Amino acid sequence: MEGLRGVAVLGGGAAGLAAAISAARAGASVAVVDRMPRLGRKILATGGGRCNLSNDNLSPAAFSSTEPELVAAVLDRSGNTEIQSFFRGLGLLLSADGGRVFPATNQAATVVKVLELEIRRLGIAVQLGFDTRTLDRRGDSFRLGAEDGRRLAARTVVLAAGGKSYPALGSDGSGFELAGRLGHRIIPPVPSAVPLLVKDKMCHALQGQKIKARTKAWVDGVETAEAGGELLFTAYGLSGPAVLDISEPISIALTRDGRKNVVLAADLVPFLSPGDLETEFSRRMKAGWPRQDLAIGILPEKFGPMISRLIPAGEDQNDAGAPALAAALKDKRFAVHGTRGWNEAEFTAGGVEAAEVVSPTLESKRCPGLFLAGEILDVQGPRGGFNLAWAWASGLIAGRSAAGFR
Ligand SMILES: Cc1cc2nc3c(=O)[nH]c(=O)nc-3n(C[C@H](O)[C@H](O)[C@H](O)COP(=O)(O)OP(=O)(O)OC[C@H]3O[C@@H](n4cnc5c(N)ncnc54)[C@H](O)[C@@H]3O)c2cc1C
């Protein structure tokens, strides 16, 4: 075993790398461990390889957490301005696209590169392939134990092991087990920003088709979320931003709360009011348009065969079916019976209860000397750079706090 480090950072993802850098800058001797063969593996996959690393509209109100005051306190000290200046200080130029902040190179690899260079410059020790199985407090220090027998001792630990999403990229939920063994309550994690399983002939018939839509999540008859954007029909159900953005309450209802009455309602023609759509169908029907052509110019051609199925039997004379057809497309209901799970979830909802860390230092209230940062905490932001922003912000604060402990 190496000598005693000041700070051990468990997890070399966004939160862990920010924590390691800020702890070292504050004068601590720092080691980072990660089970993967390289640092920042998940960062490379973010934003479709572009890394949407923050958002110009970053605000605590956009996040959900059991402890909103903690999110506000962290972002107050380390918000979008501080995150951007952290990266500019590393030599990373940034550009914004509709509020979403990206590296100017449009390459996630550049983000990892500048972080790695700073880690090296600061002399931070890195241990890769260090699959941490044990994290124990002994007296006034901590011991980390890896599966292969390696050991690391440190006065303080930043636990930044992420959540459970995309386990192939490193975070497999083991951080929750380690935090749980140190006395933390874990709010049952569920996949978030995840495609949804739907049994509906429309999905099967239209698989591969993308349209612009507005979507709503309904749980037991109560509307819980709303979004707009691209909707993708797939063989298993629904995906695309308009689905991912409302998937969290649906996933919580199905996976955590065991609810059965979970519905995604989609407005498939968001650019026309219900009245205007009905008038347009009425006009086309009166003019004798074939049923499979009724939606031409409104929806992609692939919808043709579906359209006649949406006109109730007995209402196909003249324009009698126009109201029902317009209503079916403006408020198409899909019963959701599951999610695509952890391998396709961009984020984890739930995790270490945020009320169990001190605001704003992020020190554990259960285990002094342990600090938590990133997705491991029960803090969720919308897609668009918010979750990485939370990871950097909480990492920077946790690292600094861990370096200054006692
Ligand atoms: C495909 C995809 C795209 C995304 N795109 C965006 C985006 O563009 N913008 C955005 O804001 N958010 C995005 N996210 C979400 C964002 O990537 C995460 O919220 C963020 O990376 C979380 O950072 P973290 O450091 O807390 O956790 P992670 O990045 O998951 O890092 C945790 C690290 O801990 C290591 N680790 C875990 N357990 C152990 C253990 N037992 N021993 C040793 N090491 C361990 C893991 O290997 C990993 O490297 C995306 C997520 C995915 C999956």
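Can you name the condition, by its number, that Phe176 falls short on among (1) assigned to a helix (DSSP H, G or I); (2) within 16 Å of the ligand (Cβ to nearest atom); (3) over 30 Å from Leu128 (Cα atoms)?
With (1) assigned to a helix (DSSP H, G or I); (2) within 16 Å of the ligand (Cβ to nearest atom); (3) over 30 Å from Leu128 (Cα atoms) applied to Phe176, the lone miss is (3).
Got at least one residue in the stretch 299-310 being over 18 Å from Thr215 (Cβ atoms), more than 39 Å from the chain's Cα centre (by Cα) and modelled with pLDDT under 95?
No, the conditions are met nowhere in the stretch 299-310.
Yes/no per residue for (1) touching a residue at least 40 places away in the same chain (Cβ under 8 Å); (2) in contact with a Pro (Cβ under 9 Å, 6 or more places away or on another chain):
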| residue | (1), (2) |
| --- | --- |
| Arg256 | yes, yes |
| Leu264 | yes, no |
| Arg283 | no, no |
| Lys286 | no, no |
| Leu294 | no, no |
| Pro305 | yes, no |
| Pro312 | no, no |
| Asp319 | no, no |
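Which ones in the stretch 12-34 are within 19 Å of Gly175 (Cβ to Cβ), in a loop (DSSP other than H, G, I, E, B) and touching a Gly at 6+ places or on another chain (Cβ under 6 Å)?
Once the filter is applied, which keeps residues that are within 19 Å of Gly175 (Cβ to Cβ), in a loop (DSSP other than H, G, I, E, B) and touching a Gly at 6+ places or on another chain (Cβ under 6 Å), the stretch 12-34 yields only Gly13.
So that you can scan it fast, the table gives a plain yes or no per residue for (1) more than 16 Å from the ligand (Cβ to nearest atom); (2) buried (at least 18 other Cβ atoms within 10 Å of the Cβ):
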| site | (1), (2) |
| --- | --- |
| Thr156 | yes, yes |
| Gly163 | no, yes |
| Lys201 | yes, no |
| His204 | yes, no |
| Arg214 | yes, yes |
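Among the strands (runs of 3 or more DSSP E) confined wholly to the stretch 291-406, which include 3 or more residues that are over 30 Å from Ser174 (Cα atoms)?
332-339
Out of the residues in the stretch 6-53 that are of a type in the set (S, T, N, Q) and more than 9 Å from the ligand (Cβ to nearest atom), state the one that is farthest from Glu82 (Cα to Cα).
Of everything passing the filter in the stretch 6-53, Ser29 is farthest from Glu82 (Cα to Cα).
What do you reckon, is Ser273 polar (S, T, N, Q) and touching a residue at least 60 places away in the same chain (Cβ under 8 Å)?
No: the conditions fail for Ser273.
Could you check how many residues of the stretch 175-206 are of a type in the set (Gly, Ala, Ser) and over 21 Å from the mean Cα position of the chain (by Cα)?
Counting residues in the stretch 175-206 that are of a type in the set (Gly, Ala, Ser) and over 21 Å from the mean Cα position of the chain (by Cα) gives 3.
Being basic (Lys, Arg) and part of a strand (DSSP E or B) is the filter here, so list the residues in the stretch 179-210 that pass it.
If the condition is that a residue be basic (Lys, Arg) and part of a strand (DSSP E or B), then Lys210 is the only one that fits.
Go through (1) assigned by TED's automatic domain parsing to the domain that holds Ala335; (2) small (Gly, Ala, Ser); (3) farther than 21 Å from Ser251 by Cα and name the single condition Gly170 misses.
The failed condition is (1).
The values are calculated or read from the model by the stated rules, or taken from the named source; none is laboratory data. Everything numeric in this text was worked out from a predicted model, so none of it was measured. Neighbour counts are summed over all protein chains in view; Cβ atoms, including those assigned to glycine, are modelled from backbone coordinates with ideal geometry.
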